[in-house]
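Derivation of every value follows stated rules applied to the coordinates shown; laboratory data play no part. Bear in mind that the values here come from a model prediction, so they are computed numbers and not experimental data. Note: ideal-geometry Cβ built from the backbone for every residue, glycine included; neighbour counts use all protein chains shown.
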Amino acid sequence: MIAKAQPPSGQRHSAGVQLMLRILQQFPPYRWTQARLLRWGVRGRTAVVAIPYFWLLLFFLVPFIIVLKIAFSETQIASPPYQPLLHWAGEKTLEIRLNLGNFMFLVEDSLYWKAYLNSIKVAFISTLLCLLVGYPISYAIARAKSTWRNVLLMMVILPFWTSFLLRVYAWIGLLKNNGFINNFLMWLGVIDEPIVMLQTDFAIYVGIVYSYLPFMILPLYSNLEKMDLTLLEAAADLGSRPFKSFLTITLPLSMPGVIAGSMLVFIPAVGEFVIPALLGAPDSLMIGKVLWTEFFSNRAWPVASAVAIALLLLLVIPIVLLQRAQSAEAKGAHR
Amino acid sequence: MSTRLPLFRITALVFGFAFLYVPILLLIVYSFNKSRLVTVWGGFSTEWYGKLFANQQILNAAWLSLKIASINATGAVILGTLAGLALARFGKFSGRTLFSGMTTAPLVMPEVITGLSLLVLFVAMEQIFGWPQGRGVTTITIAHMTLTMAYVTVIVQSRLSTLDDSLEEAAMDLGARPAKIFFVITLPIIAPALLSGWLLAFTISLDDLVIASFVSGPGSSTLPMVIFSKVRLGVSPDINALASIMVLLVTIGVIIAGILMHRQEVRRQRDMQMAAAAGK
């Protein structure tokens, strides 16, 4: 809207500046440049789009193309540690060496399959747990008095602002063999010897649920808060019990929120590195950790790039689901 | 319905908030523990805070992280505002689909992929153009700006799309230039959104371990990188002290920002009421 407005030209300039502009406008290079720029539509509006556009092309899209390229190249011991894909063979023939070896390596070595499947398993279970923990909280906040809602919501978000790394670190102290939970349970007399919790998958689930809970609560809350409560009243008038009303009305209506929240947890959980590195067992296989090790310890850039491409392919379905859920939410808001 | 089952809802809130806050509170409590064993109480002491402020490595890393975070946040707000403005106000332009895809993709991209891809870009750029020479503050800042501008874009875009553009159109009809309209009308209205965008970009940058590890070079270890290498060796009480300080600073910051935004909102509501009353 704004950009369509033509600037009223030359209104604000003083007489001297206007004279100089007149002279300048007669100058052929200026007129040529101006005509060119106008034809390309280079105005303020274009700059507004072009600057972030160029930035994202350079620092987001191009890097992916390079990763894709490296995933198809061969490893070599040099800097950078991969062979060029395009190769001048002889005088004028450009040879493209596409090497599928890295992907074959991923398929053949069972380590990568295990990491792949284990990442999906861990992310799936954590998302489910997150939903089980997050739904009652979102529900309670959405049905609280309106004066309380913002305060409660802010209390959910507040831990999210503190360091993620330190929040994960806090759980080491809680879950250790001589950590807080074990000490407390032994003091109560519930257990005689410590339960091993740190360096297990359980610790990873707890870490993911704890770190990503706000991602689950926020979309669920905004969905539940919008819900038309007269539907529940109607159901109650017709003799439906609250729990049945919840199962047949609230839960189905909140599905877009459930899907959006679940995907917002599942997507980062699949590629998570910090949580399995700090809370999981040293040999716990998660794809983010495998990529990290390939890259930093083995310096195998092509293999790491192939792992990255495989990880991206894994995320295509959840990302599509997320976008559908979000557009369903947006449509619901317009109604 | 609202009076039914309050017990269930109260229980959900109590347990939920206990789950969210008890780990952080314990972290703070044990930062005042005299004993070296983090989980065994050995009496009150502030010696770990003293040790923390004597640790030059952590102080240097913290200073570096703060520098990167503030440059990053400022850059991300500028880029994100431009992108949000383009997406919310410019209607259709060529390449819009790709553009909006690229502004939201970093939000869902696993950090390991973003880090890896930016590193290979920087290596390739150095080979071809000779810039950036080596990796360090510049590359970390660029990487963080690319990630955090996506968050700012989403915030600005959603703020602008809920904003009535009749004020902007009125100014346009009165002959104001687009740039002037932006700075005099749009910018003050979206200022709270920009403030929260800045804070978000700042904290994300301050907090990032994975991307920074990929694109940093020797001698440019950020605070999360130092913490991670220490924490990998086990719990240590001075990290608890550091965590407590960070929690305190964040809490103060969020509360101040919350009060500012609340005031702005109240003022806006009052102005709207006055305008409505004057219009009658």
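Worth a mention:
- With each label modelled as a point 7 angstrom along the Cα→C-beta vector, the A:V196-B:L66 pair spans 4.3 nm.
- Annotation for A:R241 and B:S45: the two label points, set 7 Å from Cα along the Cα-Cβ direction, are 5.8 nm apart.
- Our note on the geometry: Cα centres of region A:223-283 and region B:32-111, 29 Å apart.
- A simple rule links phi to the HN-Hα coupling: the Karplus curve 6.51 cos²θ - 1.76 cosθ + 1.60 with θ = phi - 60°, which for region B:170-175 gives 4, 5, 5, 5, 7, x Hz, with x for Gly and Pro.
- Phi to ³J(HN,Hα) by Karplus 6.51 cos²θ - 1.76 cosθ + 1.60 over region B:256-261, Hz, x for Gly, Pro: 4, 4, x, 5, 4, 5
- For the protein assembly as shown, size of Cβ-based charge dipole, Lys and Arg +1, Asp and Glu -1, in debye: 1840
- Amide H within-cut-off set for A:A281, under 5 Å, with H built and near neighbours excluded: A:T200
- Long pairs among A:K69/B:K92; A:K145/A:K226; B:K67/B:K230; A:K114/A:K289; A:K121/A:K289, criterion Cα-Cα beyond 24 Å: A:K69/B:K92
- About its Cα centre, region A:131-258 has a charge dipole of approximately 280 debye under the convention of +1 per Lys or Arg Cβ and -1 per Asp or Glu Cβ, with nothing else charged.
- Among A:289-301, B:94-106, A:134-146, A:237-249, the peptide with the highest mean count of other Cβ atoms within 10 Å heads the list, and the full ranking is A:134-146, A:289-301, B:94-106, A:237-249.
- A convex hull fitted around the alpha carbon atoms of region B:106-224 yields 126 Å³ per residue.
- Proxy reagent accessibility, fewest Cβ within 10 Å first, across B:I181, A:I65: A:I65, B:I181
- Going by neighbour counts of Cβ atoms within 10 Å, the residues B:V235, B:V40 line up, fewest first, as B:V40, B:V235.
- Normalised radius of gyration (Cα atoms, divided by 2.2 N^0.38 Å) for region B:46-279: 1.21.
- MRE, 222 nm, helices only [DSSP H, n ≥ 4, -39500 (n - 2.57), over chain B, to nearest 500]: -26500 deg cm²/dmol
- Approximating the spin labels as points 7 Å out from Cα along Cα→Cβ, the A:M186-to-B:I78 distance works out to 5.7 nm.
- Dipole magnitude for region B:107-221: about 280 debye, using +1 per Lys or Arg Cβ and -1 per Asp or Glu Cβ, origin at the Cα centre.
- Sorted by Cβ neighbour density within 10 Å, fewest at the top, the residues B:Y21, A:Y221, A:Y116: B:Y21, A:Y116, A:Y221
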